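I have placed the structure first, in the form of structure tokens, so that the comments after it can refer back to it.
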Amino acid sequence: MVEIFENIRKIYTFRQPSAELADHIEFFSESSFEATRQHIAGESFSVKMFPSWTPTFYINLGAPYEIAVGNKHYFINADEDILILRSSIVERYNTPTDNIFTVKFYPGSLEAVLNIKQHLLIDKVINLNKILPAKLLQNIKQLNSFDDRVELVQNSFLINYRKKQDHYLKFVKDTIDAYATTGFEFSNCELAEKMFTTSKTINRYFNNVIGTSPKNYFSIMRARTALTGYVTGREQFIPFEYGYYDMSHFYKDVIKFTGERLAANSF
């Protein structure tokens, strides 16, 4: 299964975070045995995801599995839980007994919630024992329901979380929002003028908060949004609406983003 080209969400159960954490956590999810049986029919399969710069916890409730992060492959034991940044293409190899509890953060928000700078995580697979208390991980796995796991994790985060305005994170999020409203066309200099700052400042903030340059992040953001629009309605797709000069420009960006040609995927 390939993200965007296929609905990878159909084999998971999802829940949104509480209001206190909604600015920082995109969602909680967990493997659904019923949905996996319905859509995958008991076969081993993989889920391929493109870069997003979103820190993600994978807490293993089931069997061992393999995961590729960039060009490196890792074997994850049944009792092993990990954190990845998704700064490159990620492919997780699933089995019928797969069962993963996931916490997906927005870019830069891991630092806001747990005081962990995400630029230190680039292209790494981090053992969650180094991030979360071992007792918490054990308790998560011992609970019987997805909802109970979500509540436990949220309550744990909120014990130490103090809702304060982080100037750097807010600036980066405001700049991302500003870029989206321009039709994905503004350059760094144009964004700097809109944000009443300099392109050097924007570059420094993005590298400190997210771990990459604004140029690279916006390229990924545009390609992800445009490709989703293309797959959803190819006949109505207009490349200019996403800041592309023409379809050739869009196709080149898709190859850079996914490593694949559109013709290689059916949807």
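Provide the solvent-accessible area of Arg224, counting protein heavy atoms only and rolling a 1.4 Å probe, rounded to the nearest 10 Å². Roughly 50 Å² of Arg224 is accessible to a 1.4 Å probe. Under a Gaussian network description of the chain, with springs only between Cα atoms under 10 Å, the residue in Gln154, Gln38, Gln236 that fluctuates furthest is Gln236.
Cut-off 16 Å, label point 7 angstrom out along Cα-to-Cβ of Thr102: give me the residues of region 2-20 whose amide nitrogen falls inside. Within reach of a label on Thr102: 2-17.
Listed cross-link partners Lys72/Lys124; Lys48/Lys124; Lys124/Lys170; Lys173/Lys194; Lys170/Lys256 are compared with a 21 Å cut-off, the Cα-Cα value being larger for Lys124/Lys170; Lys170/Lys256. Over the chain, dividing the summed -39,500 (n - 2.57) contributions of all DSSP H runs of at least 4 residues by the number of residues returns a 222 nm mean residue ellipticity of -11500 deg cm²/dmol.
Ignoring ligands, DNA and RNA, what percent of the accessible area of region 1-155 is carbon or sulfur (1.4 Å)? Walk me through the numbers on the way to the answer.
Details: 3290 of 6790 Å².
With neighbouring chains kept in place, the figure for region 1-155 is 48 percent.
A viscosity of 1.306 mPa s and a temperature of 10 °C, combined with the Kirkwood radius over C-alpha pairs in the Stokes-Einstein formula, give the chain a diffusion coefficient of 80 µm²/s. The Cα center of region 164-202 and the Cα center of region 77-93 differ in position by 30 Å. Extending 7 Å from Cα along the Cβ direction at Tyr168 and again at Arg261 yields two label points whose distance is 4.3 nm.
Judged by the mean number of other Cβ atoms found within 10 Å, the most tightly packed of the peptides 182-195, 102-115 leads the ranking 102-115, 182-195. In this label model, Arg9 and Ser156 are separated by 2.5 nm, measuring between points 7 Å along each Cα→Cβ vector.
How much length is gained if the chain between Asp177 and Thr232 is pulled fully straight, taking 0.36 nm per residue apart and subtracting their Cα-Cα distance, in nm to one decimal? Can you show the working numbers first?
On the way: separation 55, 0.36 × 55 = 19.80 nm, distance 2.25 nm.
Stretched fully, the Asp177-Thr232 segment lengthens by 17.6 nm.
Assuming charge only on the beta carbon of Lys and Arg (+1) and of Asp and Glu (-1), the dipole of the chain about its Cα centre is about 620 debye to the nearest 20.
Counting heavy atoms of the protein chains only and a 1.4 Å probe, report the per residue accessible area for region 110-149 as a whole number of Å². Before the final figure, lay out the partial values.
Working: 2290 Å² over 40 residues.
Counting only protein heavy atoms, the per-residue value for region 110-149 is 57 Å².
About its Cα centre, what dipole magnitude does region 1-148 give when the only charges are +1 on Lys and Arg Cβ and -1 on Asp and Glu Cβ, stated in debye to the nearest 20?
Details: 14 positive and 18 negative charges, 50 e Å.
In total the dipole reaches around 240 debye.
Annotation for region 135-154 versus region 36-56: alpha-carbon center distance of 22 Å.
Regarding region 110-260, what is the average projected area of its C-alpha convex hull, in nm²? Walk me through the intermediate numbers first.
Details: hull surface 47.7 nm².
Computing the convex hull of the Cα atoms and averaging its projections yields 11.9 nm².
Each label point was placed 7 Å from the Cα along the Cα-to-Cβ direction; for Glu241 and Ser187 their separation is 2.7 nm. Look at the dipole of the chain built from charges on Cβ: of Met1, His119, Tyr12, the Cα furthest out on the positive end belongs to His119.
For region 7-107, taking Cα atoms only, Rg and Dmax work out to 13.4, 39 Å respectively. Could you please report the charge total around Ser52, scoring K, R as +1 and D, E as -1 over all other residues with beta-carbon less than 11 angstrom from its beta-carbon? That works out to +1. Taking Cβ atoms as reference points and 12 Å as the exclusive limit, the residues near Leu143 contribute a net charge of -2, counting Lys and Arg as +1 and Asp and Glu as -1.
The values are calculated or read from the model by the stated rules, or taken from the named source; none is laboratory data. Here the structure is a predicted model, which means the values were calculated and not measured. Using ideal geometry, Cβ is built from the backbone for each residue, glycine included, and neighbour counts are taken over all protein chains shown. Ligands, DNA and RNA are stripped out before the accessible areas are found, and what is left, the full protein with its side chains, is counted by its heavy atoms. Shrake-Rupley method; radii C 1.70, N 1.55, O 1.52, S 1.80 Å.
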